[in-house]
Amino acid sequence: MSRQSVSVARTRGVTMTLNHRTAGRLLATIAGSTLILSACGLTGDDSSPTGAMNPATEQVDISMAFWGDFGLDALAAEYMESNPGVTITLNSGNYNDLHDELQRQLVAGTGAPNVVAIGEDYIGKFTAQPDAFTNLLSFGAGDYQDLYLDWKWAEGSTPDRSQLIGIGADVSGLALCYRRDLFANAGLPSDRDAVTAAIGDTWEGFIALGKEYEAGTVAGAFLDDAGTLLKPVRAQSGASYFNADGELALAAVKPAFDVSLNAIDAGLSAGIMPFTDQWDTGLDNGAFAVTLCPVWGMGYIQSVLETAGGKAQWDVADIPGPGGSWGGAFYAIPKQGTVAQQQASWGFLNWLIQPEQQLRIFQATGSLPSQPALYDDDSVKSYVIPFFNDAPVGNILAKAVTELPTQDSYSPNNGTIEATLQDVLGEVESGNVNSADAWTVATEAAALAAPTPTAAPAK
């Protein structure tokens, strides 16, 4: 991947690989909603960029690779001003390309950045290669474990948690985005609190509300794509597609599969995959009334509708069940750098993950910190997005990531099997697979797609 040095702030954008049905789809840069936030009152003991956090005593140059905008430009400049012995080059690139290139660099043994951001859907692939990364516990990162969301810490760790490959940069909580105008036209409650109450915090309640919507006179489907329910429902149960021995183990995933299947059987799904051209159009034409959305998805929806002059009235409500996350990142330090570069890299990261810097990043990007104590800060609690009817997104997403449980296993192959099951659900929607046969077809397809068993990161 060709990278360019960053000198100006950017809006955080992502090119997400949802599954291989959507591979190659280039998402437009997300136009994040403008944040008008109060000055944060929460600071850490180490808010200054100088001191023991920077062990470098000689001139050290370090590079840092990420995608979109992590809100780092001003922070890196501030750190370098207070630490003249450290030069930091920030390189922003494409989400998928960054991870592909990192893998090539690790195999080649050269070329990796000194610090790299790793996405949530790639982290399992790299925690399975611990010898290629510096164990952040060796720098004392373990002192911060109790400050982090447990599931976030587990995702960045090796199976036995003896090594920390990636420390949480941010999380992207998951919510329901819904058309309040279409809900009202269908005779359903349209106020976000009333919508949450009507669903009752269960997926059964979600499907029941969808049936009420479909029974009304409003054209279009209740949900964009039933296949998108699979991942969040599975994550809420803590289930993985593999056990700790790396063996395919699907029994615990079937309830999540059944939720998606029930939505299809009830006629709730439009069968429109998110972030396709058809989906972009459907955001305004009533093709569907509900979609799952993290904060970056909200920015995307707003950008599409404002660009097209859309009149749809979107709002945000809690996701059913115990929370959810879609996205988020980790910071890792590949071993290819010199000892001095690794130390300087941790010095910068150690300063960056302190409360004051984490809240400044949140103010700049809307990316929620991975440390739940910060969710009590006024800047998070007061975060609203005017475009979504002044939805209290800070509170909604903080609740979602706090409730999410730790998974049984963070296998690097979870994504492969998830995409396989989503493909089967897509075939059910298309009428090519009978609903009654769907689970059998899914398990057979998963067995073919599963790699040779290897140890998976266990809880």
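The values are calculated or read from the model by the stated rules, or taken from the named source; none is laboratory data. From a predicted model like this one, the values you see are computed outputs, not experimental measurements. Neighbour counts run over all protein chains shown; Cβ positions are idealised from the backbone, glycine included.
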Q) Looking at region 98-137, which of its residues are surrounded by fewer than 17 Cβ atoms within 10 Å (Cβ to Cβ) and either in contact with a His (Cβ under 6 Å, 6 or more places away or on another chain) or at positive phi (or both)? A) Gly109, Gly111
Q) Residues of region 297-326 being crowded, with 23+ Cβ neighbours inside 10 Å and more than 24 Å from Ala194 (Cβ to Cβ), which ones? A) Gly299, Tyr300, Ser325, Trp326
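Okay, residues lined up against (1) free of Cβ contacts under 8 Å to residues at least 12 places away in the same chain; (2) among the small types (Gly, Ala, Ser):
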site: Leu374; (1), (2): no, no
site: Asp378; (1), (2): no, no
site: Tyr383; (1), (2): no, no
site: Asp408; (1), (2): no, no
site: Gly415; (1), (2): no, yes
site: Thr420; (1), (2): no, no
site: Gly426; (1), (2): no, yes
site: Gly431; (1), (2): yes, yes
site: Ser435; (1), (2): no, yes
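Before we move on, is Asp390 over 23 Å from Ala154 (Cβ atoms), of a type in the set (D, E, K, R), surrounded by 22 or more Cβ atoms within 10 Å (Cβ to Cβ) and at pLDDT 95 or above?
No.
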Q. Here are some conditions: (1) at pLDDT 95 or above; (2) among the charged types (D, E, K, R); (3) not assigned by TED's automatic domain parsing to the domain that holds Trp314. Glu418 meets all but one. Which one does it not meet?
A. (3)
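Where in region 265-375 are there strands (runs of 3 or more DSSP E), lying fully within it, with 3 or more residues that are of a type in the set (Val, Ile, Thr), more than 16 Å from the chain's Cα centre (by Cα) and modelled with pLDDT under 95? Explain how you work it out, then say what you get.
Values: elements: 288-294, 314-318, 325-332.
Passing ranges: none, list empty.
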Q.
Which of the numbered conditions does Leu261 fail, given that it passes all the others? Conditions: (1) more than 28 Å from Ala398 (Cα to Cα); (2) aliphatic (A, V, I, L, M); (3) assigned to a loop (DSSP other than H, G, I, E, B).
A. (3)
Q) Within region 337-349, is even one residue without any contact (Cβ under 8 Å) to a residue 12 or more places away in the chain, aliphatic (A, V, I, L, M), assigned by TED's automatic domain parsing to the domain that holds Ala391 and farther than 21 Å from Gln103 by Cβ? A) yes
Q.
Looking at Leu174 and the list (1) touching a residue at least 60 places away in the same chain (Cβ under 8 Å); (2) surrounded by fewer than 24 Cβ atoms within 10 Å (Cβ to Cβ), which single condition is not satisfied?
A. (2)
Q.
Take the conditions within 21 Å of the chain's Cα centre (by Cα) and under 30 Å from Pro189 (Cβ atoms) and apply them to Tyr383. Does it pass?
A. yes
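Can you go through Phe362, Phe348 and tell me which one is in contact with a strand residue (DSSP E or B) (Cβ under 7 Å, 6 or more places away or on another chain), surrounded by 20 or more Cβ atoms within 10 Å (Cβ to Cβ) and farther than 22 Å from Gly173 by Cβ? Full working, then the answer.
Working: Phe362 fails: farther than 22 Å from Gly173 by Cβ.
Answer to the selection: Phe348.
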Q: Pairs only if they're at least six apart or on different chains, beta carbon under 7 angstrom, first in region 207-220 and without any contact (Cβ under 8 Å) to a residue 60 or more places away in the chain, second surrounded by 15 or more Cβ atoms within 10 Å (Cβ to Cβ) and of a type in the set (A, V, I, L, M); list them, first residue then second.
A: Leu209/Leu188; Leu209/Ala198; Leu209/Ile199; Lys211/Ala266; Glu212/Leu188; Glu214/Leu268; Gly216/Ala186
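Could you list all residues from region 83-97 that are free of Cβ contacts under 8 Å to residues at least 12 places away in the same chain and either crowded, with 19+ Cβ neighbours inside 10 Å or of a type in the set (Lys, Arg) (or both)?
First, pick out the residues of region 83-97 that are free of Cβ contacts under 8 Å to residues at least 12 places away in the same chain: 84.
Answer for region 83-97, where residues must be free of Cβ contacts under 8 Å to residues at least 12 places away in the same chain and either crowded, with 19+ Cβ neighbours inside 10 Å or of a type in the set (Lys, Arg) (or both): there is none.
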Q: Scan region 233-259 and report the pairs whose first residue is free of Cβ contacts under 8 Å to residues at least 24 places away in the same chain and whose second residue is among the polar types (S, T, N, Q), with Cβ atoms within less than 6 Å and a gap of 6+ or a chain change.
A: Ala249/Asn243
Q) For Asn395, all conditions in the list (1) in a helix (DSSP H, G or I); (2) within 20 Å of Gln145 (Cβ to Cβ) hold save one; what is the number of the exception? A) (2)
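So that you can scan it fast, the table gives a plain yes or no per residue for (1) hydrophobic (A, V, I, L, M, F, W, C); (2) more than 30 Å from Glu58 (Cβ to Cβ):
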position	(1), (2)
Leu349	yes, no
Pro355	no, no
Ile385	yes, yes
Asp408	no, yes
Pro412	no, yes
Leu425	yes, yes
